[in-house]
Structures are given as structure tokens and as C-alpha cells.
Amino acid sequence: MLGALHEVAGGGCDALHAAAAGQFAAGIAGRTRGKVLWIVSRQDVFAPALMQAGLSGRRVIYVEARSDVDVLACFEEGLRHGGLGAVVAEVARLSMTASRRLQLAAETSGALGIALRRWRRPTGAADFGQSTASVTRWRVSVLPSVVLPVPGVGRPRWRLELIRARAGDEAIFEVEACDGQGRLAQNGLVENRLALPAVLADGSDQEAVGRRRARA
Amino acid sequence: MGADAPAPEAALALVGRVGRRRVVRSVDLVARKAGLCPGTPVAKAQALYPDLTIMDADPQGDRVGLEKLALWFQRRIAPVVAVDPPDGIVLDTTGADHLHGGEQAMLAAMVQRLRRTGVTAKAAVADSLGAAHALARYGRARMLVVPPGEAAAAMADLPIAALRLPDDIVDGLHALGVSRIGPLAGMPRAPLALRFGPDVARRLDQAFGRVAEAIVPIRPVEPVEVGRNFAEPIGAAETIARMIGTLVPPLCQLLEERGQGGRCFDLLLHRVDSRAEAIRITTAQPVRAAGRLVRLLCEKIETIDPGFGIERMVLTVSRAEPMGVRQAMSLLDEADEPDVSGLIDSLANRVGTQALYRFMPVESDIPERSFCRVPALAPDEAKDWPDHWPRPMRLLPRPEPVHAMAELPDQPPVFFIWRGIRRKVRCADGPERVFGEWWKGDAELTTARDYFRVEDTSGERFWIYRAGDGEHGETGSQGWFLHGIFG
């Protein structure tokens, strides 16, 4: 959904690395138009992977901020600008006040903001339980990949938990990871109608998410 | 010349062309002691002195250097300064010498200062440009101050070449047996003018100060600058912001008149306790939009300390670039991407220009070398990363060693221990062999890495590699490393 702040975090070990969560965010950001601002406090994004999740390296501008405060300030400034496709920021702590500011900035400019929650140590992940002003909150956990008839690693699979949605229900999906166009798939079928990032990127309403939950 | 400069103790000659001949233009002290002088053909010079270092003369570069030096003199010594190519600078120090402690002290300071930067210089002060020119080049002393009215006496012994006459006139006078200025000045004018033209008399008069000779001073490029004094010192952030708002529009006006846009702006705030605070903003592209500059400057107000108050503000453009007038929009290209350069500038002024970048592909198979950072608004390149193999979302800054158990030579590990956690490998892809880049260094001639994408029993996927091909010791340590984490 455009003009809103969304939170994405990794489950389990991924809370530290935010690899699956990052790829999920990249898949969503890749489906928007325009440049994407990716704000980090420590840089370990491998740009070819973003490309494989559907976000071309040419569109991403990285900002390396020194502290969480700087990350949030840049995040807000990026959201206020309104000319960007999406703004992704890797943050650890996100207070109610900070998230409300971000949400307001996104609402005024119509920008898509994704707060990629990433903590330094596993205990930090408890922070994810505290409430914020974001519109949706997702947790992405890795699942064993699709079993292949031959040795090798199949298409990665994720469990997507929609923990909180404003004026909507919680939901759990088991999906296959983003492909080169940022599409997710269920049961091996790449189908646009089921592509979840489309829900976020194309601004479909929350009822659609609810319906999908019934089918998931 | 930096590292390419010849050693100071080497004999050096700079060489230029006269017609089709290559001749020595100038020599350094060592070569001069060895008997070389300017005007010698290069072949002869080399025959005389086999160890001679020869480099091409660069008159254009000399001229530029001379102009820079002249600008320095203009700032430090006297306002009227001219370049006297190929090797001189003329200063009109009238009324300026007492500022430097007298003429002798002024010359001493100038020569001393130049010597410290490696420039050998001679200097003379005289009544006229011609006399000073002659005495500085042909006089014996390194520094010479000629008292007023004594220029004629001081120049009497100098060779006639000191008079800035053309070479053929100098040769003609030599043929007549005149070699010094004193005898030449005493000769009747009319026969000289008949034989050599009016130049001899004119140069003599110029040297003795009988005819005025204008100095055409260099003019420095004025920086674009707007300043404002305050009757009452200001200190509140809102007041400073308002004053910035009044300074910026005239500055933009000046920039527009010159057809320029600024890349770097400095705002100097002079405090009442005669200290200065400064705000510097830089932009990714030339800017002269007042609103944007005001916003960028105002964001930095909190970094300054107004102390007891600010009494003067000066806004300067430290770096300007040409900026044409551009059509803002047309009806046809509405689908154009919105301009983000304003956002880039304000972010860059918060986190620094270095911290704002994009990744561009580099043609290398080694993961950590396969990308490079380019400025955020650098032009796009058409190439992209190859899409043969999945790549991890996170690439560790440096590969971390892991304990692993694997069948040699090319099986993935059965399990590995990373950061104290033992992970059993459920399935794996690989190996993807990456060879060292032998053109980068000898150490990489034989090295290889075998990358595997492994998934453990809980579903987490990692990118691990073995340093070496598993068979030959020279290809690497055969140890296992974890390099990336997949989503």
C-alpha cells in the first residue's frame, strides 16, 4: 500500500541478518517506479541479489548513516520527498514517536516506506512486540526449499506472517521467494494475482489480503 | 611533476624547437656549472655532457605557473602585478614597501619565500620597469635596491642585451663594438635611429625613466560573494535563518548573470568576539535555485555556535560550474522520473557525500570485487550483473572461517560450524569455481575458490566456499569460509 509505513523483520536467525526480510523488501520495492533509497547503518547488501529479487542495481541509492538516529532522519527525509519509488531503511529500534513521524511523512507524500527491522543481537528481537504506528507488520522466516528430484537447492520458501494490519486481520502465508520480477509464488505457480508484493505495491485494499488468507 | 621529477643533483636541460633544430631552452645549476648554456643544440649538449637529463620545455605550463605566482604576489605584496614572460613578474610596489618593512626587507622576504618552495629568484627595485628588468636579470646581486635617480649609474656596466632589444639589433650593436649600456647611452641618437630604428632610443628612455611605461596588471577572478553587516549582533536560529533568506537571492542573481551554478557554498558568520563560524554545503549538481539553497543552509544552523552574537555574514560560492538554462518540462516527456537531486543534496549534507552511493557492476568473478561504489547521481551504465547463479542477500564484509566436514575434492560439506552453531547440510548446490585474478598479482596466479550454496535442516541458506580446489595445495589452504547469507 503506497503512502504508508510497513515493517518487515526476519524470524529466527534472520532477525540478525535480515536476508530473507531484505529480499522480500527488495521484491516489493522493485515493483514500484522510480529510484529506491536504501538506508543502512552497516553495509552488507550484495547488490546482485537485489537484482535477482527484481530490484535493478541502477535504481538503488544507498545511504550509509552512522547511527540509528541518522537512519531515521534520512528515512523521514526520503519519505517526505515523495519522488522516490520506495524508501527502505534498516533500523533496530523504532519507537512509537519515530514511527508516527514516518507514517505521517509517508501519508503526506504518498511514498512507500519499508522499515526493515534488524537487530544487533538475538535478544533485541523482543523489541518487535512493541507497538508502532506502521500500517502493516510482517515477519519473514525461511523454510526448507522446494524438494527437487535431483540433488540441489530448490526455490527458497518463506513463511510470511502478517502480524499486524491496520483495519485488517492477521494472516500467515507459505510462499516461494521472489523471482526476477519480484513475484512470489504459491505451490510452485507464479501467478500475478497471488503475488503478495503486489498487494503492498499496487495499493489493493486490506480485504483482498483477508480473502487471500482464507485460501492460503 | 611529483614522483616523476628528476633528482635535484641531476643535470637537467629543458629542450624546445627553433625552426627544425632542437635546442636547449634552459638549464639547471648543475648543467650550467658543467658549461652548458641555453641556445646550444641538443646533440652538442649531449655530447658534452652524456649524463644530461633532457625534458621537453612546456612554455604554456610555465605561463600558467607564472600567473598563479603573480596572483600570490598580488595578495601578499602589492596590488599591481603583471606577468613578464617567460620568467619574470613585475610589481609596482609604490606605497606598498613600508607595509613589509622597507624595500630591502620586502625583497629579502620575497626571495626567501620563493627559495623555500624551490624557486631560485633574483629581485631588483628601481625607478622604472626597464631598469628593474635589466638589473634583476643581469645585475650581480641577488637582491638589489637602487636608490631613486641612480638607475642610470647602476645600469652603465650591464650588457646591452639587458635592454629588451631584439636579437638582431643586439648583434648589430656588438658589430659596432658597443657592448655595455653606459657607452650606448652616451652615443648620439640620430645615427643610431637611422641604422637600427627607434627601438634603441625608446628602450633606453624606458630604462632611464624618461618615458612612462604602463604595467598591465593581472586581474584575479572575483569570487561570487554576498555579505551583510548587522547593526545589532544576531544570535537566534530564526534570525539567522531569515538573514540567510535575504543573502541567497542576490547570490543566485550573481550566479545567473555569469551563467554559473554553485557546487560548493560557504557561509561565514563573523562573531563579535572576532571569531568566525562556517557552514559549508556541497551539491551533486550545479545549483542556483534560491529555495533549495536556503533549505540546505538552514538545515545546518544548529551546527554553529553564535557565541555573543554574529555581526557579519558572508555567503561565498567556493566552487562554481557552468550551468545553462534548461527547459523545465515539456508536454511530451511527462513520464520522466522525478528529480531527486535536491534530496540527494540534503542527505549528503547530513551524512557526507561519501556515504551516499550506488553500486555498479565490475567485471570480476570474485564476489567482493564484482561491484564498485559510484556517486549517487552518476550516469547509468547499461551493463548488469550476470544472472547465472543465485547470489546471497548479505555478503559478509570479510569471509568468516568455519569448521566443515566434506568429501574431497568436490562434494559440499556434510556439516559446518559457524559462530558456535553446528548446522547439518540438507542439500547443496555447487561447486561454482572462481579463479584468482592473475593479472592483479602473483599471489593470485594459482588460487581458486569453490562456492557452494548450502541449506541446513532448518531451511537457512548460506554461501560457503573452500579456499582451493580440494586437490592441489597451491590453489589455497583448503579451509572453509562462510561468505554470504541467502534469503
Once exposed loop GluC sites (Glu not before Pro) are cut out (DSSP; at most 13 other Cβ, 10 Å), longest piece of chain A:
A:1-169
Solvent-free Debye scattering, log10 I(q)/I(0), computed from the Cα coordinates of the stretch B:2-57 at q = 0.19, 0.25 Å⁻¹:
-0.58, -0.95
Putting +1 on Lys and Arg Cβ atoms and -1 on Asp and Glu Cβ atoms, find which of B:V314, B:F435, B:G470 reaches farthest to the positive end of the dipole of chain B.
B:V314
Please work out the Cα convex hull volume for chain B and give it in Å³ per residue.
311 Å³
Rounded to the nearest 500, what is the 222 nm mean residue ellipticity of the protein assembly as shown from helices alone, with -39500 (n - 2.57) per DSSP H run of 4+ residues and division by all residues?
-8500 deg cm²/dmol
Would you mind calculating the gained length between B:T446 and B:D87 on full extension (0.36 nm times residue separation, minus the Cα-Cα distance), in nm to one decimal?
123.6 nm
Nearest 20 debye, what's the magnitude of the dipole of the stretch B:225-322 about its Cα centre given +1 on Lys and Arg Cβ and -1 on Asp and Glu Cβ?
280 debye
Ranked list, fewest to most other Cβ atoms within 10 Å of each Cβ, for B:R20, B:R115:
B:R20, B:R115
Could you work out the Rg to Rh ratio of the protein assembly as shown, with Rh taken as the Kirkwood radius (inverse of the mean 1/r over all Cα pairs)?
1.15
For chain A, what Kirkwood radius comes out of the mean inverse Cα-Cα distance, in Å?
17.0 Å
Chain lengthening between B:S318 and B:A278 when straightened (0.36 nm per residue, less Cα-Cα):
13.1 nm
Rounded to whole angstrom, the alpha-carbon centroid of the stretch B:379-458 lies from that of the stretch A:68-103 at a distance of 34 Å
If you find the alpha carbon centre of the stretch B:159-194 and of the stretch A:39-59, how far apart are they in angstrom?
79 Å
Measure of size requested: the Rg and Dmax of the stretch B:1-154, with Cα atoms as the atom set and Å as the unit; please supply both.
17.5, 51
Can you sort B:C252, B:C298 so the residue with the fewest Cβ neighbours within 10 Å comes first?
B:C298, B:C252
Tell me which trypsin sites (Lys or Arg not before Pro) from the stretch B:361-418 have a DSSP coil assignment and no more than 15 other beta carbons within 10 Å of their own.
B:K383
Length released on extending from B:W439 to B:E471, taking residue separation times 0.36 nm less the Cα-Cα span:
9.2 nm
Label zone at B:H174 (point 7 Å along Cα-to-Cβ), backbone N below 19 Å, the stretch B:9-41
B:18-19, B:23-27, B:35-41
Can you tell me, using C-alpha contacts under 8 Å and at least 6 residues apart, the relative contact order of chain A as a whole percent?
26 percent
Size of electric dipole in the stretch B:394-485: Cβ of Lys, Arg +1 and of Asp, Glu -1, about Cα centre, debye, nearest 20:
560 debye
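Readers should treat all values here as calculations from the given coordinates under stated rules, not as data from a laboratory. Everything numeric here is computed off the predicted structure, so don't read it as measured data. Counting neighbours? That spans all protein chains shown, and the Cβs are built from the backbone with ideal geometry, glycine included.
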